[in-house]
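Peer 1: Have a look at this one.
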Amino acid sequence: MEDDAGVVEFDEEHAYVLKMESHNHPPSAVEPYGGAATGVGGIIRDVLCMGAKPVALLDSLFLPPMPGTEKGVLPPDRYLISGIIAGIRDYGNRVGIPTVAGSIDFHPSYSSNPLVNAGCVGIMRKENLVRSRVDRPGLLLVLAGGRTGRDGIHGVNFASRKIEQDRENRTSVQLGNPIIKEPLIHACLEAVEAGIVAAMKDLGGGGLSSSVGGRCATLAATLRKCTLTMSCSRRAAWSPGRYG
């Protein structure tokens, strides 16, 4: 799959962009607030990177029964439920995109093992469609967004593995920043409208190296780590990290 989201014709001038994905269980099970919030942030980026303005969010949640409604409900489940709901609410409100629909299912099998599915809808003019890959040399790569730090390291692996009590690691959950995301959305859309964006891709779980490799698959790129805005100091060039 080359692009981040699906584009569907709306009328002669406009198209709408759709994306939904499963933000697998470990992030929200270990850090429910941050895990749910970054799931919302990621789905917004997927729609934005097609050149569309995100206008609505959707969420489908699979949670353990509410404490007090069934026997055997663990006290930690109250923490999970409240954290997931707060993470979705706060991120959407702070970035200025409403959650307009969704679903929720309760079952004991989701005790300490919740599922958070996030979706986003965007609207765009057809001529503003931006793809995820460049096909000509001489372009500049611009990294925009939050500071680069240690959060989210090995987040992709963590999101796909079975949780083991002694291996839980909160640093694998990316720290979302909706306050930065809101003006970033407007900046990206203005750049697209001005016709100065050849391709756009969010960093996602793979970080900077994965994103650049995907954008320049048939070309080559030169990266300079010294130009990155860091949230932590004294990081060696070879050290692992989630860039963005």
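Peer 1: Checking Gly119 against (1) within 15 Å of the chain's Cα centre (by Cα); (2) modelled with pLDDT of 90 or more; (3) part of a helix (DSSP H, G or I): exactly one of these is not met. Which one?
Peer 2: With respect to (1) within 15 Å of the chain's Cα centre (by Cα); (2) modelled with pLDDT of 90 or more; (3) part of a helix (DSSP H, G or I), Gly119 is out only on (3).
Peer 1: Follow-up question, since we're still on this one. Only one of (1) of a type in the set (Gly, Ala, Ser); (2) in a helix (DSSP H, G or I); (3) modelled with pLDDT under 90 is not met by Ala86, so which one is it?
Peer 2: Against the list (1) of a type in the set (Gly, Ala, Ser); (2) in a helix (DSSP H, G or I); (3) modelled with pLDDT under 90, Ala86 comes up short only on (3).
Peer 1: Another question about this same structure. Hey, among the residues in segment 133-172 that are surrounded by 15 or more Cβ atoms within 10 Å (Cβ to Cβ) and in contact with a Phe, Trp or Tyr (Cβ under 8 Å, 6 or more places away or on another chain), which one's modelled with the lowest pLDDT?
Peer 2: Filtering segment 133-172 for residues that are surrounded by 15 or more Cβ atoms within 10 Å (Cβ to Cβ) and in contact with a Phe, Trp or Tyr (Cβ under 8 Å, 6 or more places away or on another chain), the one modelled with the lowest pLDDT comes out as Ser172.
Peer 1: On the given criteria, is Tyr33 part of a strand (DSSP E or B), aromatic (Phe, Trp, Tyr) and surrounded by fewer than 24 Cβ atoms within 10 Å (Cβ to Cβ)?
Peer 2: So Tyr33 fails the test.
Peer 1: Check off (1) farther than 21 Å from Arg131 by Cβ; (2) surrounded by fewer than 18 Cβ atoms within 10 Å (Cβ to Cβ); (3) modelled with pLDDT of 70 or more; (4) not basic (Lys, Arg) for Ile196 and give me the number that stays unchecked.
Peer 2: Ile196 satisfies every listed condition except (1).
Peer 1: Name the residues in segment 122-141 that are touching a residue at least 40 places away in the same chain (Cβ under 8 Å), out of contact with any His (no Cβ under 7 Å at 6 or more places or on another chain) and assigned to a helix (DSSP H, G or I), would you?
Peer 2: Selection gives Asn128 alone.
Peer 1: Quick one: which residue in Tyr91, Tyr79 is modelled with pLDDT under 85 and not in a loop (DSSP other than H, G, I, E, B)?
Peer 2: The conditions single out Tyr79.
The values are calculated or read from the model by the stated rules, or taken from the named source; none is laboratory data. Owing to the predicted nature of the structure, the values given are computational and were not obtained by experimental measurement. Quick reminder, even Gly has a Cβ in these numbers, built from the backbone with ideal geometry, and neighbours come from all protein chains shown.
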